[in-house]
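Here's the structure we're looking at; comments come further down.
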Amino acid sequence: MARWEPDSRDRLRQAALDLYGERGFENTTVAEIAKRAGLTERTFFRHFADKREVLFAGSEALEELLVRTVADAPAAVAPLDAVTAGLEALGEVLPERAETSRRRQAIISANADLQERELIKLASLSEALAGALRDRGLGDAPANLVAEIGIAVFKTAFERWIGEGEERDFAQVVRESMSELKALAVSFTSS
């Protein structure tokens with residue numbers, strides 16, 4: 001095997017997704033992933049700490065982009081609108097095609113440990129988002145509430161975006177989901 005291979009990270013990710021889909025996450029080893037990608041285990045560990053991280057790598061970039069977008073929103077922008085802009089921006093770091101995310105989510109849904117890891121990722125995202133909202137001057141309780149609402153919208157939009165037949169980009173699905181939430185909130189207050 002060559003010492004350096006171009007696109008090794010992507011090749012490892014693709015090989016892992018293929019093997020997890022074929023054999024299941026639990027029944028796939030790092031050695032098998034590396035072999036399928038035509039690389040060594042050593043190369044695998046240069047890119048990922050363990051086989052779970054193939055599915056969760058990039059979480060930091062998501063969090064950073066979300067926080068930066070909320071922080072950079074003009075002061076006059078309402079907190080929920082700043083969060084919406086942040087969620088729309090996440091489409092920039094999600095895979096170009098929903099198919100990769102769909103496959104990833106199917107693997108996570110089939111494994112309790114991976115589901116727990118996904119919940120930890122979402123909690124971290126919510127905490128970072130609440131921090132960005134506090135930095136914009138929102139109090140603790142409102143910042144936490146708006147952050148949790150943002151994560152709920154993210155989860156709903158993500159599930160829709162990876163759904164079969166969905167062709168819209170992630171930002172469009174976020175806007176629609178947030179609009180539905182706002183319409184529901186108005187209907188509750190007018191009841």
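Read the figures in this text as sums done on the coordinates, not as results from a lab. Predicted model only: the values in this text are computed from it and were never measured. Cβ coordinates were reconstructed from backbone atoms using ideal geometry, including for glycine residues, and neighbour counts include every protein chain displayed.
Structure notes:
- The chain, relative contact order [Cα under 8 Å, separation at least 6], %: 19
- Think of region 8-54 as a dipole: +1 on every Lys or Arg Cβ, -1 on every Asp or Glu Cβ, centred on the Cα centre; then among 44, 20, 31, 44 lies furthest on the positive end.
- Both radii come from the Cα set of the chain: Rg as radius of gyration, Rh as Kirkwood radius; their ratio Rg/Rh reads 1.04.
- Residue exposure sequence - 158, 170 - by fewest surrounding Cβ within 10 Å: 158, 170
- Principal-axis tilt of helix 8-23 within the chain, Cα atoms, nearest 10 degrees: 90
- Kirkwood analysis of the Cα pair distances in region 8-54 returns a hydrodynamic radius of 10.0 Å.
- Gyration tensor verdict on region 78-174 (Cα atoms; rounded if a/c is under 1.5, prolate if a/b is larger than b/c, oblate otherwise): oblate
- Size of charge dipole - the chain - debye, nearest 20, with Cβ of Lys, Arg +1 and Asp, Glu -1, no other charges: 420
- Short-range pairs are left out: with C-alpha atoms under 8 Å and at least six residues apart, the relative contact order of region 1-74 is 30 percent.
- 0 to 90° range, to nearest 10: angle between helix 98-109 axis and the chain longest Cα axis: 80
- Evaluating kT/(6 pi eta Rh) at 20 °C and 1.002 mPa s, with the Kirkwood radius of region 43-86 over Cα pairs in the Stokes-Einstein relation, gives 175 µm² s⁻¹.
- Only lysine pairs 8 or more places apart, or on different chains, with alpha-carbon atoms under 23 angstrom apart are counted in the chain, and they number 4.
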